[in-house]
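Some notes on the structure that comes next.
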Amino acid sequence: MVARQLIARLEVLPTKRVLVLMVGVFGLVHLGYYLAGVRFDVVPLVRFFQFLDPELLRHRLAESLFYLHSQPPLFNLFLGIVLKLFPGHEAIAFHTTYLALGLVLYLALFTLMRRLGISRIVALALSTWFIVSPSFVLYEHWLFYTLPLAVVLTLSVLLFHQVLEARTAWAALGFFTSLFLLSGIHSMFHLAYCLVAMGAVLVLCRGQRRMILLTAAFPLLLIASLPTKNLVLFGEFATSSWAGMNLSGPTLRAVPIEERERLVAAGKLSRLALIPRFSRLTSYPQEYVRVRGFEGIPALRQVRRSTGFGNYNHLAYVAISRQYLKDDLYVLLHYPKYALAGWLNAWLHYFRSTSDYGFFYGNLAKIVPVNVLYDYLFYGKVPRYRVHLDDLPIHYAPYRESRLYVFLLIGLPLLLVFGFRVALRTRRAGLALDTGQRMLLLYLCFNVAFVAVVGNILEVGENQRFRFATDPLDVVLLGLAVEQVRWRVGHRSGPHAEAAPTGGTPAHE
């Protein structure tokens, strides 16, 4: 009875008070994790090969970003700005920024569920459940582009719906800007992805096509400029030149070493097929390392960064990755069974808990009880069991086994299918969404499917990290499923049961 009264009061509470409540909850959650020992991890700035040399970011930022071919430039731009503006206090600035991003994601997730007509109590409960999770806190306290990508992707889905509802130039500009940010953070969001998203807006906003085209022009120019610059300078029409090295994970590296040696001896594969991808330059044959050009550009010529770790934006990696890609394609054409096994391995990694990731160093050890709770209770981790892949033609040690999370393996695909079914039906018992909401849901599901398919085709080993970007969207789908269950339970309880939820946000919100 008390619980029902609290729920009823929450449903009529003014929106501003709900937001204040959420900010308070956010603060309490982070205070608890801080007391548990969680601290912001800036180690990636020194070690990770996705980042340019910190000294170049401090002193030659514009030049280094212009000649950056290994990654889209926006996250390195963010790193450089912080390093320039807060010398000696970078860690505090990074941590503050990530806490702000975490709060934005919390509020955006709640708002997105409300846009789909999910009740306030369900939206608040699930969005809070998400930010309490070890995965959220670990990525929020880790200096990498995964959290910013999740924030921008969630906001882009919200802005997509805002365009459909408001039909204004500001709403359209906001959405197209989010597409530019996506393409500038992760190479997965290529120009083709952005054109599909823009095309969807044009189709759905037929009466405002001129306005849409005008507002899309500048963001589209920026999006197209990123791969075009790389095409002119390096011959690669992409925001990352690492496609060959990435794809070799589920393809080339899945071929047994004995078979690769035979193919190299026969001249079918290059010598690079025997060298682990993303090796340091000293591991590669000299004909790949001795490249000419851009002699005065440290971002392209230094072998080691000032931190002591290798420079993976060295000019030589363009040709190295291109050769890996040729070998990858040979395997795909002539030995597809190995690629299929590699992609199966990628999907097994994709359905792991996003906290089950080896780069969190000390933070995960500080929150073992909460992590165990989420892994076993919510994700269905099978204790003392791993999927052994020794029977598959995969012989590279780091990826021979994958932990099994039953609820993720079964639940995430079911949620996606459920979301598509609701979006493509004009009416479904218990969920009555209007056209704008169904298009929002369809765009949401498209992004979940896009990241899953493209990420698992191109990589193996870090697939659960890729999934974190769409985990907030999966929580929205879970909210819809909960509302469906609530309606069915209420419908069976008799004529006085609550009415089926109808899409739309209440007027006071």
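The values are calculated or read from the model by the stated rules, or taken from the named source; none is laboratory data. Since the model is a prediction, treat every value here as computed from it, not as a measurement. Positions of Cβ are generated from backbone atoms using ideal geometry, with glycine treated the same way; all protein chains shown enter the neighbour counts.
Which residues, taken from the range 114-137, are of a type in the set (Gly, Ala, Ser) and either assigned to a helix (DSSP H, G or I) or under 20 Å from GLN484 (Cα atoms) (or both)? Working first, answer last.
In the first step, residues of the range 114-137 are kept if they are of a type in the set (Gly, Ala, Ser); the result is 117, 119, 123, 125, 127, 133, 135.
Across the range 114-137, the qualifying residues are GLY117, SER119, ALA123, ALA125, SER127, SER135.
Of everything in the range 270-301 that's without any contact (Cβ under 8 Å) to a residue 60 or more places away in the chain and among the aromatic types (Phe, Trp, Tyr), which residue is nearest to PRO227 (Cα to Cα)?
The residue in question is TYR288.
Which ones in the range 1-24 are part of a helix (DSSP H, G or I), modelled with pLDDT under 85 and not basic (Lys, Arg)?
VAL2, ALA3, GLN5, LEU6, ILE7, ALA8, LEU10, GLU11, VAL12, THR15
Where the second residue is surrounded by fewer than 17 Cβ atoms within 10 Å (Cβ to Cβ) and the first is under 9 Å from HIS69 (Cα atoms) and lies in the range 228-248, which pairs have Cβ atoms under 7 Å and are six or more apart or on separate chains?
Hits for this filter: ASN230/PHE237.
Of LEU195, LEU222, which residue is among the aliphatic types (A, V, I, L, M), in contact with a helix residue (DSSP H, G or I) (Cβ under 7 Å, 6 or more places away or on another chain) and either closer than 23 Å to PHE75 by Cα or not in a helix (DSSP H, G or I) (or both)?
LEU222
Which residues, taken from the range 354-382, are of a type in the set (Gly, Ala, Ser) and surrounded by 22 or more Cβ atoms within 10 Å (Cβ to Cβ)? Can you show your working first?
Let us first name the residues in the range 354-382 that are of a type in the set (Gly, Ala, Ser), namely 355, 358, 362, 365, 380.
Once the filter is applied, which keeps residues that are of a type in the set (Gly, Ala, Ser) and surrounded by 22 or more Cβ atoms within 10 Å (Cβ to Cβ), the range 354-382 yields only SER355.
If I filter the range 357-367 for residues that are outside any helix (DSSP H, G or I), closer than 26 Å to VAL43 by Cβ and of a type in the set (Ser, Thr, Tyr), do I get at least one hit? Spell out how you get there, then give the answer.
Kept after step one, since they are outside any helix (DSSP H, G or I), are these residues of the range 357-367: 357-362, 367.
Now narrow it down to the ones that are closer than 26 Å to VAL43 by Cβ: 357-362, 367.
Filter once more, keeping what is of a type in the set (Ser, Thr, Tyr): 357, 361.
Yes, the conditions are met somewhere in the range 357-367.
Only one of VAL232, VAL201 is part of a helix (DSSP H, G or I) and either touching a Gly at 6+ places or on another chain (Cβ under 9 Å) or under 16 Å from HIS161 (Cα atoms) (or both). Can you tell me which?
Numbers: VAL232 fails: either touching a Gly at 6+ places or on another chain (Cβ under 9 Å) or under 16 Å from HIS161 (Cα atoms) (or both).
Exactly one residue qualifies, and that residue is VAL201.
Residues of the range 238-291 being outside any loop (DSSP other than H, G, I, E, B) and surrounded by fewer than 16 Cβ atoms within 10 Å (Cβ to Cβ), which ones?
At the first step, the residues of the range 238-291 found to be outside any loop (DSSP other than H, G, I, E, B) are 243-247, 252-254, 257-265, 271-274, 281-283, 286-289.
Within the range 238-291, ILE257, GLU258, GLU261, ARG262, ALA265, ARG271, LEU274, THR282, SER283, GLN286, GLU287 qualify.
Looking only at the range 302-333, which residues are surrounded by fewer than 17 Cβ atoms within 10 Å (Cβ to Cβ), assigned to a helix (DSSP H, G or I) and without any contact (Cβ under 8 Å) to a residue 60 or more places away in the chain?
If the condition is that a residue be surrounded by fewer than 17 Cβ atoms within 10 Å (Cβ to Cβ), assigned to a helix (DSSP H, G or I) and without any contact (Cβ under 8 Å) to a residue 60 or more places away in the chain, then LEU329, LEU333 are the ones that fit.
Which numbered condition in (1) hydrophobic (A, V, I, L, M, F, W, C); (2) over 23 Å from GLN50 (Cα atoms); (3) part of a loop (DSSP other than H, G, I, E, B) is the only one that ALA341 fails?
Result: ALA341 passes all but (3).
Given (1) over 22 Å from VAL451 (Cβ atoms); (2) of a type in the set (A, V, I, L, M, F, W, C); (3) free of Cβ contacts under 8 Å to residues at least 60 places away in the same chain, identify the lone condition not met by MET198.
With (1) over 22 Å from VAL451 (Cβ atoms); (2) of a type in the set (A, V, I, L, M, F, W, C); (3) free of Cβ contacts under 8 Å to residues at least 60 places away in the same chain applied to MET198, the lone miss is (1).
Which of the residues spanning the range 139-197 are among the β-branched types (Val, Ile, Thr) and either surrounded by fewer than 23 Cβ atoms within 10 Å (Cβ to Cβ) or within 28 Å of SER353 (Cβ to Cβ) (or both)? Walk me through how you get there before you give the answer.
So in the range 139-197, the residues among the β-branched types (Val, Ile, Thr) come out as 146, 151-152, 154, 157, 163, 168, 177, 185, 196.
If the condition is that a residue be among the β-branched types (Val, Ile, Thr) and either surrounded by fewer than 23 Cβ atoms within 10 Å (Cβ to Cβ) or within 28 Å of SER353 (Cβ to Cβ) (or both), then THR146, VAL151, VAL152, THR154, VAL157, THR168, THR177, ILE185, VAL196 are the ones that fit.
Here are ALA449, ALA423: which of them is at pLDDT 95 or above and small (Gly, Ala, Ser)? Spell out the reasoning first.
On the way: ALA423 fails: at pLDDT 95 or above.
The match here is ALA449.
I'd like to check something: does the range 54-64 contain any residue that is in a helix (DSSP H, G or I) and within 19 Å of PRO134 (Cα to Cα)?
The first filter runs over the range 54-64 and keeps only residues in a helix (DSSP H, G or I), leaving 54-59, 61-64.
Imposing the further condition that a residue be within 19 Å of PRO134 (Cα to Cα) reduces the set to none.
No, the range 54-64 contains no residue that is in a helix (DSSP H, G or I) and within 19 Å of PRO134 (Cα to Cα).
Scan GLY184, GLY174 and give me the residue that is under 14 Å from the mean Cα position of the chain (by Cα) and touching a residue at least 12 places away in the same chain (Cβ under 8 Å).
Values: GLY174 fails: under 14 Å from the mean Cα position of the chain (by Cα).
Step by step, each of GLY184, GLY174 is checked, and only GLY184 is under 14 Å from the mean Cα position of the chain (by Cα) and touching a residue at least 12 places away in the same chain (Cβ under 8 Å).
Would you be able to say whether some residue in the range 390-400 is crowded, with 18+ Cβ neighbours inside 10 Å, at pLDDT 95 or above and of a type outside the set (Gly, Ala, Ser)?
No - not one qualifying residue is present in the range 390-400.
List, please: which pairs have Cβ atoms under 7 Å, are six or more places apart or on different chains, and start with a residue in the range 466-492 that is under 21 Å from VAL451 (Cα atoms) and end with one that is surrounded by 23 or more Cβ atoms within 10 Å (Cβ to Cβ) and among the aromatic types (Phe, Trp, Tyr)?
ARG467/TYR350; PHE468/TYR139
Only one of LEU68, LEU83, LEU45 is buried (at least 18 other Cβ atoms within 10 Å of the Cβ), within 21 Å of LEU300 (Cβ to Cβ) and without any contact (Cβ under 8 Å) to a residue 60 or more places away in the chain. Can you tell me which? Steps first, answer last, please.
Numbers: LEU68 fails: without any contact (Cβ under 8 Å) to a residue 60 or more places away in the chain; LEU45 fails: without any contact (Cβ under 8 Å) to a residue 60 or more places away in the chain.
Every option except LEU83 fails the conditions.
ALA449 - would you say it is outside any strand (DSSP E or B) and surrounded by fewer than 17 Cβ atoms within 10 Å (Cβ to Cβ)? Reasoning before the result, please.
On the way: outside any strand (DSSP E or B): yes; surrounded by fewer than 17 Cβ atoms within 10 Å (Cβ to Cβ): yes.
It is true that ALA449 is outside any strand (DSSP E or B) and surrounded by fewer than 17 Cβ atoms within 10 Å (Cβ to Cβ).
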